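Read-outs: derived from the displayed coordinates by stated rules, not from any lab. Just so it is clear, the structure is predicted and the values come from calculations on it, not from any experiment. Every residue, glycine as well, gets a Cβ built from its backbone with ideal geometry; the counts of neighbours run over all protein chains shown.
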Amino acid sequence: MSISENVAAVRERMAGAARRAGHSPEEIALMAVSKTQPPERIREAYNTGQRLFGENRVQEFAAKFGALADLRDAEWHMIGHLQTNKAAKTAELFRAVDSVDSLKLAEKLDVAARALGRRLNVLVEINVGGEAAKSGIAPDSPALDELLIAAPRLEALAFRGLMTVPPFTDDPQDARPYFRKLRELRDRIAARKLPAVSMDELSMGMSHDFEVGIEEGSNCVRVGTAIFGDRQKA
């Protein structure tokens, strides 16, 4: 199937999941995960009407950004683990960082965005599965409170919500308790009404489990393989 057909199929499945969850399909954002994809394939997705894209590596995206610079209304999000020494380049290239996992990183992004006169939307990445190999803040870690309480002084960052990558299993249903855990955490944080912290966005669900994510409250799904096919080698 072509990228156009894949996008249409994903959107149809998203709409079905949204209806099952009692939501309007228009409430759910589709992010095309374009990591390792060459500019021509990203452009093909753009030509279907896709505007929201996620990239995992700063250097990889920087190398292809020039070939995509004319896509003026495309919105580029950094969704991979980010080292603090990449903060300046990230603030330059991306509109949002969906993988903030420490106060130190947030502070570096804030300084970089201020220097550019920009404001970055950010999501806090939560490691719901407690996997040592994955980045993200543990749901019950004091580091999460530390980061959220610091939000008012990080004026170049707009805290918009939470993101997670659950443990991978062959059965998408196995992700459900992790997605539910993130939604419940979001609800608890939202109830605290912390200054300068919005919990409007819940980014969870990828190619193999995005329907379950939507059923559990996700309003942004990150889909790569189901749109572009098997990943290209980086």
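For a straight C-alpha distance cut-off of 22 angstrom, the lysines reachable from Lys104 (same-chain residues fewer than eight places away being disregarded) are Lys86, Lys89, Lys134. Computed about the Cα centre, the dipole magnitude for the range 3-228 is approximately 560 debye when only Lys and Arg (+1) and Asp and Glu (-1) carry charge, each at its Cβ. Structure remark: mean-square fluctuation, Gaussian network model of the chain, C-alpha springs under 10 Å; the largest value among Gly54, Gly130, Gly213 belongs to Gly130.
For the range 3-228, the relative contact order works out to 21 percent when only alpha carbon pairs closer than 8 Å and six or more residues apart are counted. Over the Cα atoms of the chain, each weighted equally, I'd like the Debye log10 I(q)/I(0) at q = 0.11, 0.12, 0.18 Å⁻¹, rounded to two decimals. At q = 0.11, 0.12, 0.18 Å⁻¹ the computed log10 ratios are -0.53, -0.64, -1.46.
Under a Gaussian network description of the chain, with springs only between Cα atoms under 10 Å, the residue in Thr169, Thr84, Thr36 that fluctuates furthest is Thr169. Taking Val221, Val197, Val122 as the candidate residues, the one with maximal mean-square fluctuation in a Gaussian network model of the chain, Cα springs under 10 Å, is Val197. Stretching Asp170 away from Glu12 to a fully extended chain increases their span by 54.7 nm, per 0.36 nm per residue minus the current alpha-carbon distance.
Taking +1 at the Cβ of each Lys and Arg and -1 at the Cβ of each Asp and Glu, which of Leu116, Ile126, Pro177 sits farthest along the dipole of the chain towards its positive end, judged by Cα position relative to the Cα centre? Value: Leu116. In summary, the range 123-205 shows an alpha-carbon radius of gyration equal to 1.10 times the 2.2 N^0.38 Å reference for compact globular proteins. Per residue, the convex hull spanned by the alpha carbons of the range 1-73 comes to 94 Å³.
Report summary: the helix-based calculation at 222 nm, which adds -39500 (n - 2.57) for every DSSP H run with n ≥ 4 and divides by the residues of the chain, gives -11500 deg cm²/dmol.
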